[in-house]
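Read-outs throughout are calculated quantities, based only on the coordinates presented, and are distinct from any laboratory measurement. Predicted model, so just to flag it, every value in this text is computed and none were measured. Cβ placement follows ideal geometry from the backbone for every residue including glycine, while neighbour counts extend to all protein chains displayed.
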Amino acid sequence: QKKYEKGLEKTRKTFKDRMNELFANFRSVDEDFFEEVEDTLIGADVGFDTSMRIADELRQEVKIKNAKKPAAVQNTIIEKLVDLYEEEGEKEVNELNEQPNGLSVFLFVGVNGTGKTTSIGKLAHQYKQEGKKVLLAAADTFRAGAIDQLIEWGARADVEVVYGNTGSDPASVVFDAMTKAKEEQADVLLIDTAGRLQNKVNLMNELDKIKRVIKREDPNAPHEVLLVVDATTGQNAMNQAKQFKETTDVTGLVLTKLDGTAKGGIVLAIRNELHLPVKLAGLGEGIDDLEVFDPNDFVVGLFK
Ligand code: GDP
């Protein structure tokens with residue numbers, strides 16, 4: 001939760017300041033009040049539809065509970081935000097699908113610059129710290145820079161990187177990585193891919209081929225297909241997520257650069273409009289600035 005307090009500073013400032021102002025001038029829970037709540041949520045990029053839904057549920061809830069005191073109303077807002085995130089029956093999905101016995105294979109997709117390589121490096125570091133054997137695969141063979149960057153993160157996290165030449169077949173790099181992971185009885189394999197959304201058919205074919213190679217070794221893998229999106233791009237992040245969902249089966253999101261935006265509410269918008277769980281949150285550029293996403297900590301962090 002400490003991490004969220006630091007990482008969400010910007011969102012918190014705008015969100016919390018407005019909420020505080022609202023509660024400071026609090027006279028009664030009237031229609032003006034609910035409209036202010038709506039505006040504050042929209043301002044934090046929670047999204048129009050989602051903000052309306054929260055405000056509506058808040059109206060009902062406040063009535064049912066007969067909440068009149070500011071603290072009670074504020075608690076109801078927190079409850080509603082968390083409820084909305086944890087849609088029924090989907091409570092545990094924010095945890096990564098790790099295989100307790102055997103290899104976990106996580107595929108990372110997303111456009112360049114969103115923080116894919118950085119997130120892989122951070123997660124590799126976390127698993128390494130836990131004493132796990134981690135391998136990285138540089139299957140973004142399109143850009144020379146991407147391979148070098150992953151090698152750099154591998155060195156930083158002290159884990160091995162499997163790579164090929166620039167322009168080589170990404171699926172062959174993945175094949176090598178799967179073979180090595182089996183041979184060395186690795187616990188986790190994190191695969192970086194190219195994110196060229198400009199050519200959707202190519203991207204789809206490339207990802208399909210990578211998945212086929214993985215499945216040949218392990219029919220249940222990849223255990224996660226994580227889409228990396230940049231929270232600072234707001235609605236653009238939402239559009240990218242929509243497009244990637246059409247390109248491949250995405251199992252969850254890595255939302256990066258939450259520290260760099262005042263609009264962290266995008267988490268809730270994505271969750272409710274795309275029904276994709278946020279599994280990891282990027283809260284800075286450092287190797288430790290990655291958190292398994294916890295909706296409760298996140299929402300409470302907004303109000304602290
Ligand atoms: P890729 O092209 O998707 O692999 O993106 P990179 O991993 O190279 O990241 C692009 C830039 O975003 C780099 O300058 C990273 O330091 C930065 N970045 C990545 N994640 C975060 C984050 O959570 N917070 C902040 N502030 N910067 C980040």
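Using a Gaussian network model of the chain in which every pair of alpha carbons under 10 angstrom is joined by a spring, one finds that among Ala44, Ala281, Ala67 the greatest mean-square fluctuation is at Ala67.
Between the beta carbons of Asp56 and Arg27, assuming R0 = 22 Å, the FRET efficiency works out to 0.55 to the nearest 0.05. For the chain, a Gaussian network of Cα nodes joined below 10 Å ranks Asp259, Asp230, Asp49 by mean-square fluctuation, and the top entry is Asp49. Between the stretch 175-193 and the stretch 227-259, the C-alpha centres lie 25 angstrom from each other.
Placing pseudo-labels 7 Å out from each Cα toward the beta carbon at Lys200 and Asp83 gives an inter-label distance of 3.6 nm.
If R0 is taken as 30 Å, the Cβ-Cβ distance between Arg156 and Asn239 corresponds to a FRET efficiency of 0.40. Rounded, prolate or oblate: pick one for the stretch 159-263, where a ≥ b ≥ c are the square roots of the eigenvalues of its C-alpha gyration tensor, a/c under 1.5 means rounded, and failing that, prolate if a/b is larger than b/c, else oblate. The shape class here is prolate. Here the Gaussian network model covers the chain, with springs between Cα atoms less than 10 Å apart; of Phe106, Phe293, Phe26, Phe26 fluctuates the most. For the chain, the share of DSSP beta bridges that are antiparallel, to the nearest 5, is 10%. Taking a straight Cα-Cα cut-off under 20 Å and skipping sequence neighbours fewer than 8 places away in the same chain, the lysines within cross-link reach of Lys65 are Lys80. When a/c is below 1.5 the answer is rounded, else prolate if a/b is larger than b/c, else oblate, so apply that to the stretch 116-192 with a ≥ b ≥ c taken from the square roots of the Cα gyration tensor eigenvalues. Oblate shape, in that a/c is at least 1.5 and b/c is the bigger or equal ratio.
Of the GluC sites (Glu not before Pro) found in the stretch 160-223, the ones in coil according to DSSP and having at most 12 other Cβ atoms within 10 Å of their Cβ are Glu184. Looking at the stretch 1-74, the pairs of alpha carbons with a distance over 17 Å make up 48% of the total. For the chain, the relative contact order comes to 28 percent (Cα pairs under 8 Å, sequence separation of at least 6). Note on Val161, Val174, Val278: ascending count of other Cβ atoms within 10 Å places them as Val161, Val278, Val174, the fewest first. In plain terms, the chain from Ala72 to Lys215 could stretch by 46.4 nm, reckoned as 0.36 nm per residue minus the Cα-Cα distance.
Pull out a ≥ b ≥ c, the square roots of the eigenvalues of the alpha-carbon gyration tensor of the chain, then state rounded if a/c is under 1.5, prolate if not and a/b is larger than b/c, and oblate in the remaining case. Verdict is prolate for the chain.
Helix 70-85 and the longest principal axis of the C-alpha atoms of the chain enclose an angle of approximately 30°. From most to least packed by mean Cβ count within 10 Å, the peptides 109-116, 149-156, 29-36, 164-171 give 109-116, 149-156, 164-171, 29-36. Can you tell me the orientation of helix 116-129 relative to the chain, as the angle in degrees between its alpha-carbon axis and the longest Cα principal axis, to the nearest 10? For helix 116-129, the angle is close to 80 degrees. Compared with the dominant Cα axis of the chain, that is its longest principal axis, helix 31-43 is turned about 20°. Considering the zone a paramagnetic label at Thr179 would reach in this model (a point 7 Å from Cα along the Cα-to-Cβ line), which residues of the stretch 120-157 have amide N under 13 Å from it? Under cut-off, by backbone N: nothing.
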